[in-house]
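The values are calculated or read from the model by the stated rules, or taken from the named source; none is laboratory data. From a predicted model like this one, the values you see are computed outputs, not experimental measurements. Neighbour counts are summed over all protein chains in view; Cβ atoms, including those assigned to glycine, are modelled from backbone coordinates with ideal geometry.
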Amino acid sequence: MTRPTRDAFLAAGLFLGTLALYAGLRGAGFVHFDDPDYVTANPVVQQGLTPGGFVWALSTDHAGNWFPLTWISHMLDVSLFGLDPRGHHATSVVLHALSAVLLFDLLRRGSGSVWRSALAAALFAWHPLRVESVAWIAERKDVLSVMLALLSMRAWVLHTLRGDRRAYVASLGWFALGLLAKPMLVTLPFLLVVLEVWPLRRISLSPARDGLREVTRSLARKAPFLALALLSSVVTLVVQRAAATSLEILPFSARAANAVVSVVVYLRQLVWPVDLAAIYPHPGAVPTSLWIAALALLAALTAIAAARARRDPSLLAGWCWFLGALVPVIGLVQVGAQAHADRYTYLPSIGLCWAAAWALPAASALARRTSAALAVAVCVALAATTLRQVPVWQDGVRLFAHATAVIPGNAPALLHLGNALAAADRLPEAADAYRELLSIDSASPEANHHLGVVLARQRRDAEAARHFEAAIRLDPAWADPHHDLGVLAARRRDFVTARAHLARAVELRPDAAAIRLRYGLVLQSLGETAAARAEIEAAVRLDPHASEARHALRALSPEGS
C-alpha cells in the first residue's frame, strides 16, 4: 500500500468512525435548552436562508453574542431540512467528522508521524466530552468554528512549510470566518505560535536561543490575525455586557478560584470521563484549600512539561495550547450559571490529545507493540463511553433528568428539567421539578415564575398568581411575571388590572413582541382603539412573522371590523 493510499484510508476511518459513533442522533430531537432561541422558536431562522435573514444575522446580538455565520448555518439547515432535527444533527456530526480529518492532516503534515497523528485525531473526535458540542444543535457554533479554525491552521502549516503567500491569505480568511462562527477563536494567533514550537519546530526552546524574541517575531508576523482577534474581542465584550454576571453578584476572586479548579476538573474529565452533565452549577465561593491545591497541581504539571521541553517539546506545546485556548471561556468574564462546561473543552483538548499520542514510548519493538495495544484500548473505551453518552441528548427531559441524577441538588438542571417537561405537556411532573428546585432555593424567581406558568396552564389561577407575585418580589425588574399576571386578569375579564400589569411589563421589556401584542389586545377590550393599534403595530414591527399580531392588526382595520 502506498503512503497516500494509507493516509487516505486512515482519514476515511476517522471520518466514518466518527459518523458511526453519532448515528444514535438520528432519533434525537431538539432540546428545550437554547434550541428554541436558535432554531425552533426563532421566527427569523424559521424562514430559512433569505436576504432579510442574512441581514439580520449580520446585525443581531440575539442570544448574547455576535456570530453571523452560525446563524446563517442554522438558516441553511432550515432551508434544506425544515424543522426536522435529523438534518440539523447530521450537519453538526459531519462538521465534527471533518474536523477529525483536518486535525489528522494538520498533525501529519507538521510532524511527519502518521500513526500518532491518527491517534491524536481519534482521541479528539471520539472522546465523550465532545458529545455536548456535537449533539446539541444550539452548539453548532462549536463544531463550525473549530472546523474553520483547523482549516486556518492547515493553511498556516502549508504557508510555513512552503513559503506560500496564498496559504497565508487563506489562513487569515478561514480565521475571519471562524470568528464569525464563534469568537472563542480569538486565541488562534497564539495557537499558531504553539504550532511553530511543535510540530513545525520553527521556534527553538534551546537555552542557546532567545525563545522570547522568536515568539515576539512570530506574533509580529501574525499582526493581521491579532487585529482580527482584538476586533472580535471588543465586539464580544460589548455584546455580552448585558448578559455578563456582575462583579457584585460574583466577585473576581470567586471567578479566579473557580477557573483554577475548573482546569483541573477538565483534566480529570479528559482522563476519566464519567458523570458528564449538561450543567455544572457554579459553587459561588470556592474553598481556599481546594483552589490552592488545584493551583499547585497545575504548577507541577507545567514544571514537568517545561523540564521535558528541550528533549521533546510536544508535551509543553500541547499543555500551552490547552491552557491558552481555555482563556476565553474560563469564567473570568462570567456568562451563565455554570462552573464549567463540556463544550468549553472542544478546541482546548486538541493540545492534550496530541500530547498523549506523542507520550507513548516507541524505543523498541516491544514498546511499540505495547503502545499500539494501549492506544487501541483507550480509543475503544472512549468510543464505548461516547456511545453511552449520545442517547442522553435524545430529548430535553432525558438530558436534564440525567444531569440531576449525576449531580444531586443541581438547581439549574432542575429548572431546565421543569421547562422540558412543561414543553412536553407533562405538567404535573414539571410542577414537581419546580417545587424541588424551590426546596433547594426558595428565593428563585425563575422557579416561582415557571411554576406559576404551569399552574396557570392547569387553570389553577389563584396558585399561579401567588407564584407570579413571589417572582416579582424577588426580581422586580423582570417583565414576564407582570405579563402573566396581566394574562390571568384578562382571562377573568378584569381588564383594568390586566392593563396595569401589562403596562408595567411593556415598560420593562418594550422590545418584547408578545407583551406588546397582549397589551394591545387588553387595550382593545377596554375600547382604547388608537392605543391598541399602536401597541399591536409595535408587536408586528418587532416580530413581522407573528401571525397572531398580524391578524389582530387586520381585525382593527375598517375592513376587518
| Would you pick out the residues in region 393-417 that are in a helix (DSSP H, G or I) and either charged (D, E, K, R) or touching a His at 6+ places or on another chain (Cβ under 6 Å) (or both)? | 396, 398, 400
| Single match in 134, 194 (criterion: within 30 Å of residue 35 (Cα to Cα), crowded, with 20+ Cβ neighbours inside 10 Å, in contact (Cβ under 8 Å) with a residue 60 or more places away in the chain and not acidic (Asp, Glu)) | 134
| note | Looking across region 349-371 at residues that are free of Cβ contacts under 8 Å to residues at least 12 places away in the same chain and not in a loop (DSSP other than H, G, I, E, B), the single one that is farthest from residue 273 (Cα to Cα) is 365
| task | Would you mind listing the helices (runs of 4 or more DSSP H) fully within region 38-136 where at least 1 residues are of a type outside the set (A, V, I, L, M), under 18 Å from the mean Cα position of the chain (by Cα) and farther than 24 Å from residue 277 by Cα? | result | 68-81
| said: Six or more apart or on different chains, Cβ atoms under 6 Å: show the pairs whose first residue is in region 446-463 and over 13 Å from residue 422 (Cβ atoms) and whose second is part of a helix (DSSP H, G or I). | reply: 448/467; 448/470; 448/471; 461/488; 463/455
| task | Taking the options 534, 498, name whichever one is surrounded by fewer than 16 Cβ atoms within 10 Å (Cβ to Cβ), of a type outside the set (D, E, K, R) and assigned to a helix (DSSP H, G or I). | result | 534
| With 285, 339, 325, 293 as the choices, which residue is over 30 Å from residue 415 (Cα atoms) and surrounded by fewer than 21 Cβ atoms within 10 Å (Cβ to Cβ)? | 293
| Which residue pairs have Cβ atoms closer than 7 Å, lie 6 or more positions apart in sequence or on different chains, and pair a first residue in region 258-284 that is at positive phi with a second residue that is of a type in the set (Val, Ile, Thr) and in a helix (DSSP H, G or I)? | 275/406
| query | Condition test on residue 469, is it surrounded by fewer than 20 Cβ atoms within 10 Å (Cβ to Cβ) and either under 22 Å from residue 445 (Cα atoms) or among the β-branched types (Val, Ile, Thr) (or both)? | reply | yes
| task | Exactly one condition in (1) of a type in the set (S, T, N, Q); (2) part of a helix (DSSP H, G or I); (3) over 29 Å from the mean Cα position of the chain (by Cα) is not met by residue 204; state its number. | result | (2)
| Has region 15-36 got at least one residue that is free of Cβ contacts under 8 Å to residues at least 60 places away in the same chain and either among the hydroxyl-bearing types (Ser, Thr, Tyr) or assigned to a loop (DSSP other than H, G, I, E, B) (or both)? | no
| residue 378 vs. criteria part of a helix (DSSP H, G or I), of a type in the set (Val, Ile, Thr), touching a residue at least 40 places away in the same chain (Cβ under 8 Å) and surrounded by 22 or more Cβ atoms within 10 Å (Cβ to Cβ) | no
| message | Based on this model, can you work out whether residue 386 counts as part of a helix (DSSP H, G or I) and touching a Leu at 6+ places or on another chain (Cβ under 6 Å)? | response | yes
| query | Does residue 66 satisfy the condition of being buried (at least 24 other Cβ atoms within 10 Å of the Cβ) and either at pLDDT 95 or above or over 24 Å from residue 266 (Cα atoms) (or both)? | reply | no
| The one condition in (1) more than 24 Å from residue 425 (Cβ to Cβ); (2) part of a helix (DSSP H, G or I); (3) among the aliphatic types (A, V, I, L, M) that residue 487 fails to fulfil | (1)
| field | Hits in region 275-295 - residues which are more than 19 Å from residue 337 (Cβ to Cβ) and either within 20 Å of the chain's Cα centre (by Cα) or aromatic (Phe, Trp, Tyr) (or both) | value | 291
